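Below: the structure, in structure tokens.
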Amino acid sequence: MPNPDPMSDQNPAIHEKQYASNKWKPPVSIRPTRELLEVYDRWIARTAERRGARMLILGSTPELRDLALAHGLVPVSCDHSPVIWESMKALMTQRGPEEFLQVNWLEIPEAHPYDLVAGDGSLVMLRPDQIEPMLLKIAKLLAPTGAALLKVGVRSRPFAPKDFTDAVAEYRRTRPPMSLHEYVLILVTELRSDRYVDWTLRELWERVLFAHLTPEEIAEVRPCLLDARFYTPTKADFERMAAGCFTVEQVVEAKGPGQWGTTHLYVLRPVIAAGG
Ligand SMILES: C[S@@+](CC[C@H](N)C(=O)[O-])C[C@H]1O[C@@H](n2cnc3c(N)ncnc32)[C@H](O)[C@@H]1O
């Protein structure tokens, strides 16, 4: 599904600009938390026991590539930006054979089933209407005994600008070990998805949120602003869409600073599998 719009979120150049503006470091709050890494680790270890097992990563996530290599799996990363895939190596601790697929996730060839498909915050990059087709695509990419590990934001409550001002007050009081922009990134994504779905994250900050910050805070946040339309569905919508092609085996919530009770790691088993 190529999208010709140069400002579209489906354009790799937009993602490269975002990573470059943050010196090629993904924001702290969207990294997998320690608890989630333990879940990923268990599933990857279990999969690696299977002879010839194959693992697909939606994106270039360095932590998932590290875990695969540590367990002797060759991670197949799918990213429409080879620049990002290459640059993420600087954040990895393991070295070993890796494969790279440069294609839009929605167009990944289904010829060779995978035992594990992992996406750590990947679906947030898609338009709302692409989430259900992507879930079906993942189910079709999996072997019948395979599993999908998807960390996703799922909204189970309404979000309002007051949540943002409360979060900023908490940030000023507690000074967590991340920038203000990273601290509220997930919250602002939820707010956008809930109430301002026509705007980019930058537009939401500039039109609504800056009014609640000091000039110093605005100066700090402004260079980090993203022309992105990150989107998270409601929990009910996500689970309804997933139920079309998966059963839910496990759900673990991401906890800690910068998480807002919405990010969950879903372990899903396909009911429609490879070629189905
Ligand atoms: C997986 S996502 C989210 C963050 C991710 N956890 C990470 O480690 O960076 C970011 C990556 O997905 C890639 N990407 C976004 N949409 C894509 C799509 N439709 N097809 C292929 N790659 C995509 C971007 O180029 C970027 O490298």
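Structure data summary
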{"read-out": "Dipole magnitude (debye, nearest 20) for the stretch 101-175, charges at Cβ of Lys, Arg, Asp, Glu", "value": "460 debye"}
{"read-out": "For the stretch 143-186: rounded, prolate or oblate by the Cα gyration tensor [a/c cutoff 1.5]", "value": "oblate"}
{"read-out": "Likely footprinting exposure, LEU225, LEU187, fewest C-beta neighbours within 10 Å first", "value": "LEU225, LEU187"}
{"read-out": "The stretch 45-80-the stretch 198-262 distance, computed between alpha-carbon centres (Å)", "value": "26 Å"}
{"read-out": "Residues TYR266, TYR183, sorted so that the one with the fewest Cβ neighbours within 10 Å comes first", "value": "TYR266, TYR183"}
{"read-out": "Rg in Å to one decimal, and Dmax rounded to a whole Å, for the stretch 121-219 via C-alpha atoms", "value": "16.8, 55"}
{"read-out": "Pair ARG173, GLU107: separation of 7 Å Cα→Cβ label points (nm)", "value": "5.0 nm"}
{"read-out": "Taking THR174, THR263, THR232, THR145 and counting other C-beta atoms within 10 Å, the order from fewest to most", "value": "THR174, THR145, THR232, THR263"}
{"read-out": "Positive-end extreme of charge dipole, the chain - chosen from ASN104, ALA254, PRO161 (charges on Cβ)", "value": "ALA254"}
{"read-out": "Surrounding net charge for PRO223, when Lys and Arg each add one and Asp and Glu each subtract one, Cβ distance under 15 Å", "value": "-1"}
{"read-out": "The stretch 161-224 - charge dipole about Cα centre, Lys and Arg +1 at Cβ, Asp and Glu -1, debye rounded to 20", "value": "80 debye"}
{"read-out": "Listed pairs LYS235/LYS255; LYS25/LYS151; LYS17/LYS162; LYS25/LYS137 exceeding 22 Å between Cα atoms", "value": "LYS17/LYS162; LYS25/LYS137"}
{"read-out": "Loop-exposed GluC sites (Glu not before Pro) per DSSP, neighbour cap 14 Cβ within 10 angstrom, longest uninterrupted part of the chain", "value": "111-276"}
{"read-out": "Nearest-20 debye value, the stretch 34-181 charge dipole, Cβ charges on Lys, Arg, Asp, Glu", "value": "340 debye"}
{"read-out": "Normalised contact order of the chain, rounded percent, pairs of Cα under 8 Å and 6 or more residues apart", "value": "22 percent"}
{"read-out": "Cα-based radius of gyration of the stretch 161-224 once divided by 2.2 N^0.38 Å, which approximates compact folds", "value": "1.03"}
{"read-out": "Scaled radius of gyration (Cα, divided by 2.2 N^0.38 Å) that the chain gives", "value": "0.98"}
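Every read-out reported here was derived from the displayed coordinates using simple, explicitly stated rules and does not represent laboratory data. Only a predicted model underlies this, so the values are computations on that prediction, with no experimental measurement involved. Here the Cβ is made from the backbone with ideal geometry for all residues, glycine too, and neighbour counts use every protein chain on show.
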